[in-house]
Structures are given as C-alpha cells and as structure tokens.
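FYI, it's all coordinate maths here, none of it is from the lab. In this text the structure is predicted, and so the values were computed from the model without any measurement. Methodologically, a virtual Cβ is constructed for each residue, glycine included, from the backbone with ideal geometry; neighbour enumeration extends over all protein chains shown.
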Amino acid sequence: MANVADVPKPSFRLSMLLYDTRYRSLTIQIVVFLLVMAGAAWLVDNTIRNLQALGKDFNFSFLGARAGYDISQRLVEYTNDSTHGRALLIGLLNTLLVAFLGCIAATVIGVLVGVLRLSKNWLIARLMTVYVEIFRNIPLLLWILLIYAVFTEAAPAPNAFRVNAETGEAATSMFLDAFAVTNRYTAIPNPVFGLDLGWLNIGLFYVSVDFLLLVAAIVVGFFLNRMALRRATRIQEATGDRPTTWWQSLLLLVGIPVAALIAMGFHFEFPELKGFNFTGGLNVSNSFMALWLALSLYTGAFIAEIVRAGVLAISKGQSEAAFALGLRPARTMNLVILPQALRVIIPPLISQYLNLTKNSSLAIAVGYLDLRGTLGGITLNQTGRELECVLLMMLIYLTISLIISGLMNVYNASVKLKER
Amino acid sequence: MKKSAFLGTLTVAGLAAGMVSAATLDDVKARGELNCGVSTGLTGFSLPDANGVWSGFDVAICRAVAAAVLGDATKVKFVPTTGQTRFTALASGEVDMLARNSTWTFSRDTDLKLDFVGVNYYDGQGFMVRKDLGVTSAKELEGATICIQTGTTTELNLADWFKTNNLNYTPVAIETNAEGEQQYAAGACDAYTTDASGLASTRASFADPENHIILPEIISKEPLGPAVRHGDNQWADIVRWTLNALIAAEEYGVTSANMEELAANSPNPEVKRLLGAEGDLGVMTGLDKDWAKRAIGVAGNYGEIFAATIGEATPIGLARGLNAQWTQGGLLYAPPFR
Ligand SMILES: N[C@@H](CCC(=O)N[C@@H](CS)C(=O)NCC(=O)O)C(=O)O
C-alpha cells in the first residue's frame, strides 16, 4: 500500500509539448497562429514603410474630391463635377445591376438546361450537354470578349439606319421600329410616365414618385391576392369546394398595377436616329450586353449541372410513386421532384451567385464601368491612391458577397427539410 | 525570447526584400539591366518588331539612358504598361523609369510622387474622325460616341472641354491604344481622342490613312516626358541630363557620326564638356565622363531620333513644330552644360 505514494507523479516536461498527444495539437495551433500573425504584421509593416519611403500617406479624403471624368452608363445622376465617392456609387450600382440581372438569367438558363439535359429526347439532351460543356470549359473572359467582338464587328453602325435622302431607303432598318442592334449599343424603347409626380430625395439619389406608386400598387395587389387565396382556402375547408380564384388573382396582381400605369400616363418613347446616335429610347451599351450575356451563359452552365445533380439526387421511387398516383411528368417534376431537389440545389447555387457577382469585375475587359472600373480603375489611377482604392473595393465586394449569401441562407432555411 | 528574435529576423529580411529602394542607380548597375516602362504599342513611339526588339521615339530615351549608365543600349528590359498601370509600375519599383507618352501635370508630379525630368515631346489632345462623317470641327461632335483611353489626362480634358462647349457625348472607355484602334475602326465610336502624336501614329497604322482626318482643335497642353520616382534625386538627374544631352547635341550640331571628331577638335568648349573631352560633368552625376557620348552614340541626337522614328520622312509624318530647337522657333531648350 505504501509504495503507491512512491510512484512518481508525471511532472510536466517541455518535450511533452511535442511528444504528448494531449498537448501537441495545441502547440501546433499556437505556432501556426504566431506565424500567421507575424506574416500579417510583416505585411502591414512593410506597407507602412514603403508608403513612407514613397512619401505617401493613407487617407480617404480623395473620395470627396471632384472626379472630373464622365461615365456613360449611370443609373443615378452623375456628372464629371461629382465626387470620386459618387463615381464609386455609380460603379457599385453598375456592378449590382449586371450581377442582379445576371443571376436571374443564369438561374432561368440553368434550371431549363439542367432539366432538359435529363430529357428522354436524345437530341435535346445532347444539345444541352454540348452547351454545358462548351461554356463550362472555356474561360469566362474569352466569352465576354467574344460576345463583345460579335456585337461590335457584326452589328451595323447607327449610321446604317439613316434613311438615304435619294433612295428613301436605309441600309438597315429597325426591328418593329422599336429596337435597333448597333455596334455600340442596343437601342430599346424607354418606359416613361406621362404624368410627372416629381422626384423624391432618398439621401443618395432621387427616385421617381411614379415609380414608387407603381411598386406600391404591385405590393397592394400582392397582399390583396393573398387575402383572396386565404379566403378561398377557408371556404374550401368549410365546404369542401374551392371557389374559382384565377380571375380574382389576375385582377389583383395584374389589373391594379396596369390601372396605376394607365393613370400615370405610362408609355414608351421610341429610339430615333438623331445626329450620330439614337436618342429618345434607352441605349443599352454593348459592353453591358456582352458582360451580362457572358456571365449568364457561363454561370448558367454551372447551375445546369447543379440542377441536374439535384434532380438525380431524388430517388427514382419518388417519381415512380408520383406516376403511380397518376401525376403527369410535368407535374411530377414541379410538385414532387423540384421541391425536394431544391434542398440539394440551394447551397451550391449560393456559390454560383457569389461567383457571378465577383466575376462581373471582368467588366474592365470591355470597358463597362463597374466598381472595378470606376473606383479600382479611373479613380485609383487619377488619384494614385492604390492602397485605399483596392482595400475599399475588397471591402465592398466582401460586403456584397456576405449580403448575398445571407439572403440565400435565409431562403435555404425556408426550403430545407423541416424535421419535427 | 528565442522566438521573438527569430520573428525579428524574419521581419527585417522581409522588409529588405519588399522595399522600394532609394538608390536606383545602384540597383540598375547591380542588375546590369534597365527596366523601362513603355506603352503597350504605339507605332513610332514604342513598338516591338517581329523579333521582339523594341524601337521608337520613347524607346530611344530608354536606350540612351541604358547606354549612359550601363554602357550598353541593349541592356534594357521594356515593360509594356497601360495608361492605368504605368504609375503603379513605377511607384512599386517594377520599372526604373517611364518613357510612355506621359503628360507632366501638377498632381502627377506632386500627389502621385513622380518626378518628370523634362519634356521629350510637346503635344496636345486632338480628335480623329472618319472623313465620310463630314465633320470638320470638334464643335460639331454633339451627341457623338468617343473612344478614350482610361487613366489618362485625355479623359479629364475631354470631360472639361465638352462641358465648357456645352456639348454632350458618350464616352467609350478603352484600355490600350490597340483596343482603341480596333473600336474606332469597327465604327464603335465616331471619334477617337488622344494626344495628337498618338493620333498621327494610329492613323499611320491604318490600311487607309487617307480616309481619316485629325480635326483642327487641339484642346489641351500635353507636355510628354520621361518620369522617375520622387525622392531619388541622383537617378532623376541622370535621366534628366541624358535627355538634355540629346537635345543639346542637336543644338550644337553633334551627331552620332561626327561625335568623335568633335570631341577631339571642336572649338566650342560646351561641346567638349558635353562629350566629356573637357571637365568631368558625367562624374558629378555618379557616371563617367563619356556617358553623354554613349547616349548620343546609340541613335544620334534628338533631331536624328525624331527624324528616324516619327519625323516627316516616316509614315507618321510629324512636323517638328513646337518640338523644334528654341533657335528654330520651337520650345526645346536644354540648360547649359557647365
Ligand atoms: N498623355 C496622356 C495620354 C497618354 C496615352 O495613353 N497615350 C496613348 C496614345 S497617344 C498611348 O500611349 N497608348 C499606348 C498604349 O495603349 O499602350 C497621359 O499621359 O495621360
């Protein structure tokens, strides 16, 4: 009994940090952490010293200085007298515009192609495979440049639409008198409100009151429709008969906004060739079109694969059961397969949206002035504030990405399997 | 204790590796090669040939500096830079000097921490349009689409000029001159605007130069010159005086052909000082006596370089104009070599 006390208590020795599995992982973590911190400290220190050696300081006051350059595509008002901060906003809005429209188009393309690639029709399935493989395997930048080149080289100049005084004819004519694809831009009709109710200042920019009313009409219609549907469900539950609601829905969802549009004198202004260019309509620049199409087609190919994988992940028994219940293939897809597949699809879809948004910074290749083009391009160059501009740009892209993934996570939570 | 010493060493080693050095001359000599920032390709100014050998008006400055410093005009690494990347390339130490149609402006000289060492071409911004457009003055460009290189003084001048003249235009931002040429040739813009010398050079590279005209308006002053980093005065002196040597050589009639003879027999002491036969001017800049002779020996004096690269006998066909010697009614005026 007495010897028990003689057993030496294992005392702590330094070598145990390395050889004792209880401590080893901790040691490694601390060392790695220190190395990472040292690396970061070195970077910061090096930057500060280099800035000093160049005699440069670090400040953001340039954002308040006059920008002095013009931007052709601006969603909110901007002139060359505006500040660099304002130019940043214009660039940011351009980035968001192309990213937003790109995500929508890529999703539509992706879902269609992904589902069609599973089609039993040999030709359609093969065509979709070709599309996916071509777009997935060629760098995005090349697609952007290619589409841009097709627009600028193959489309006619605005001049070609001019009616020759002698012959009374033009080399090219507009499509439906409303659309003109030129080698600079695509001229499309411009939606305008005949009844100008003024503009509302919302801090950063002005919004048309007419537009706000239209949004309000859509929202009101949407909620009224929801009420109508709930009422229908109540009646169905009470009596077993569901009253027909489609005409109510149509009236509420479409009728109210249309009525609002008519009341505000909504109409289109058509593009018209004046001087060098089309005026009156909206000129959607080729750089935007090329970037948007390339981003959508490229990301769409990836999304198609994700959708296909999601659909294939649903066991065959599900569709067999649905067929056994007498559901037609389209309804089986919409009601049984897709809702379940969404759970598999959403998480990788988020990455695709993030990719698309970040890839939009390739805009510089075709001179589309997005955030990279304004803040990270012209402003950076004219002010010589490389570090500030790049850091700010990184911060903004990071913020956009976090917001997108946050929103998508909320959506994911709403479609994911709800376990009880 | 040990760890912090290790980290300290690491930091110092890293700093030494990543710092922009203040002694450019030593760096260039140690490297045995001059890194010179030029444009990505502008006929007559800087363009590589089929064998990758660069030549042109701006390139000649780089070669003259390399000859003066290293004794060998071929020891130059040409780094193509766009309007947007050039100043970053210089500031970060990727290049030792810029000779890239860069306009000397107040903010570039001060805020961007560059030093312009002089002017090798007095220029101004102009417009080029297709002849069949029927435009004869820039004031008729209301509503036009105009191609413009980003990151240049050009885009700022353009904005200012259209504003003061109350005209509207649509800018098409492009990255390099080659892209601008392509866009303009495809008709994606009505007019192309940049320095008049650049327009002449661009026009010369077209298959049908006669179908394009350069409008009479010159809307800005663009003194183009070589630039170095702010803060290294010795290096700035070397580049500045190499340029001055080329200009002075023309003024005094020193050419690559008669240089040796004049160094021996010229009655003009200034010529002798320039060519290192008298005094030791070169030594004062940290080089040797013969530096200017080597610089002039590469492709001759300013006038010879001008004539061979962009002058009236070349397809670019630029007249001397403002770039004639002050004795000929131009603005070129090298300070005395004394
Ligand atoms: N002088 C102006 C413009 C300089 C510039 O970009 N020039 C054009 C045409 S003259 C050029 O060199 N382009 C060649 C290239 O794109 O690399 C400036 O310094 O901002």
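Expressed as cubic angstrom per residue, what is the convex hull volume of the alpha carbon set of the stretch A:274-320?
89 Å³
In peptide A:60-69, what is the residue-averaged number of other protein chain Cβ atoms found within 10 Å of each Cβ?
Mean partner-chain Cβ count within 10 Å for A:60-69: 2.
In the Gaussian network model of chain A, springs joining C-alpha atoms below 10 Å, which of A:F276, A:F33, A:F135 carries the largest mean-square fluctuation?
A:F33
Quick one: which residues, 5+ away or cross-chain, put their amide H under 5 Å from the amide H of B:T145? H built at 1.01 Å from N.
For B:T145, the qualifying residues are B:T170, B:D190, B:A191.
Quantify how strongly other chains surround peptide B:165-176 by giving the mean number of their Cβ atoms within 10 Å of each of its Cβ atoms.
So the per-residue partner count for this stretch is 5.
Once phi is turned into ³J(HN,Hα) by the Karplus curve 6.51 cos²θ - 1.76 cosθ + 1.60 with θ = phi - 60°, what whole-Hz value does each residue of the stretch A:174-180 show in order, with x for glycine and proline?
Calculated HN-Hα couplings, in order: 6, 7, 6, 6, 10, 10, 9 Hz.
Using the Cα atoms of the stretch A:158-224 to build a convex hull, what is its mean projected area in square nanometres?
The Cα convex hull of the stretch A:158-224, projected and averaged over all directions, gives 8.2 nm².
For chain A, just the Cα atoms, rotate onto the principal axes and tell me the three extents in Å, largest first.
Principal extents (Cα only, largest first): 117, 77, 47 Å.
Run through every distinct alpha carbon pair of the stretch A:137-283 and return the Kirkwood hydrodynamic radius in angstroms, one decimal place.
For the stretch A:137-283, the Kirkwood estimate is 19.7 Å.
How would you order A:115-125, A:74-84 from highest to lowest mean count of nearby Cβ atoms within 10 Å?
Ranked from most to least packed, the peptides come out as A:74-84, A:115-125.
How many Å³ per residue does the convex hull of the Cα positions in the stretch A:92-155 occupy?
In the stretch A:92-155, the Cα convex hull volume per residue is 110 Å³.
Just how many % of Cα pairs in the stretch B:201-260 lie over 13 Å apart, if you round to the nearest whole percent? Before the final figure, lay out the partial values.
Details: 1354 of 1770 pairs.
Percent of Cα pairs beyond 13 Å in the stretch B:201-260: 76.
Calculate I(q)/I(0) for the stretch A:1-158 by the Debye formula, one identical point scatterer on each C-alpha and no solvent, and give its log10 at q = 0.09, 0.12, 0.21 Å⁻¹ to two decimals.
Ignoring solvent entirely, the Cα scatterers give -0.77, -0.97, -1.30.
Compare the peptides A:151-161, A:218-228 by average per-residue count of other Cβ atoms within 10 angstrom and give them in order, highest first.
A:151-161, A:218-228
Across peptide B:316-324, how many C-beta atoms of other chains are within 10 Å of each residue C-beta, on average?
Mean shielding count: 0.
Per residue of the stretch B:114-121, what does 6.51 cos²θ - 1.76 cosθ + 1.60 with θ = phi - 60° give for ³J(HN,Hα)? Whole Hz please, x for Gly and Pro, Karplus curve as stated.
10, 10, 7, 8, x, 10, 9, 8
From the P(r) of the protein assembly as shown, can you give the percent of Cα pairs sitting at distances over 41 Å? Walk me through the intermediate numbers first.
Values: 141196 of 286903 pairs.
Roughly 49 percent, rounded to a whole number.
Can you list the DSSP H helices in chain B whose Cα atoms extend at least 15 Å along the helix axis and whose mean Kyte-Doolittle hydropathy is 1.6 or higher?
Qualifying helices: B:57-70.
Which far-off residues, 5 or more places away or on another chain, put their amide H under 5 Å from the one on B:E222, with H placed in the peptide plane?
Long-range HN contacts for B:E222: B:D123, B:G124, B:Q125.
Once amide H atoms are placed 1.01 Å from N in the peptide plane, what residues at a sequence separation of 5 or more from A:F266, or on another chain, have their amide H within under 5 Å of its amide H?
Amide H neighbours of A:F266: A:G194.
So what's Rg/Rh here for the stretch A:236-354, counting alpha carbon atoms and using the Kirkwood radius for Rh?
Ratio of gyration radius to Kirkwood radius: 1.16.
Over the stretch B:124-221, how many percent of alpha carbon pairs lie in each 5 Å bin up to the one with the longest distance?
Spelled out per bin, shortest first, that is 2, 14, 29, 30, 19, 6, 1, 0.
For the stretch A:190-269, rounded, prolate or oblate, judged on the Cα gyration tensor with a ≥ b ≥ c (square roots of eigenvalues), a/c < 1.5 rounded, else prolate if a/b > b/c?
On the way: a/c = 5.18, a/b = 2.43, b/c = 2.13.
Prolate shape, in that a/c is at least 1.5 and a/b is the bigger ratio.
Using the per-residue mean of other Cβ atoms lying within 10 Å as a proxy for protection, in what order, highest first, do the peptides B:53-59, A:320-326 fall?
On the way: B:53-59: 22.6, A:320-326: 11.6.
Listed from highest to lowest mean packing, they are B:53-59, A:320-326.
Compute the orientation-averaged projected area for the stretch A:83-190 from the convex hull of its Cα atoms and round it to one decimal in nm².
Value for the stretch A:83-190: 11.3 nm².
Provide the net charge surrounding B:L98, with neighbours chosen by a C-beta distance below 11 Å and charges set as Lys +1, Arg +1, Asp -1, Glu -1.
After counting each charged neighbour, the total is 0.
Can you work out ³J(HN,Hα) from phi for every residue in the stretch B:215-221, in order, using Karplus 6.51 cos²θ - 1.76 cosθ + 1.60 and θ = phi - 60°, giving whole Hz and x for Gly and Pro?
Per residue, the Karplus-derived 3J(HN,Hα) values read 5, x, 5, 10, 9, 7, 9 Hz.
For chain B, divide the Cα radius of gyration by the Kirkwood radius and give the resulting Rg/Rh value with two decimals.
Reported Rg/Rh, Kirkwood definition of Rh: 1.02.
List the DSSP H helices in chain A whose Cα atoms stretch 15 Å or more along the helix axis and whose mean Kyte-Doolittle hydropathy is at least -0.5.
Membrane-span-like by this rule: A:21-54, A:84-116, A:122-136, A:140-154, A:209-239, A:286-313, A:338-359, A:386-415.
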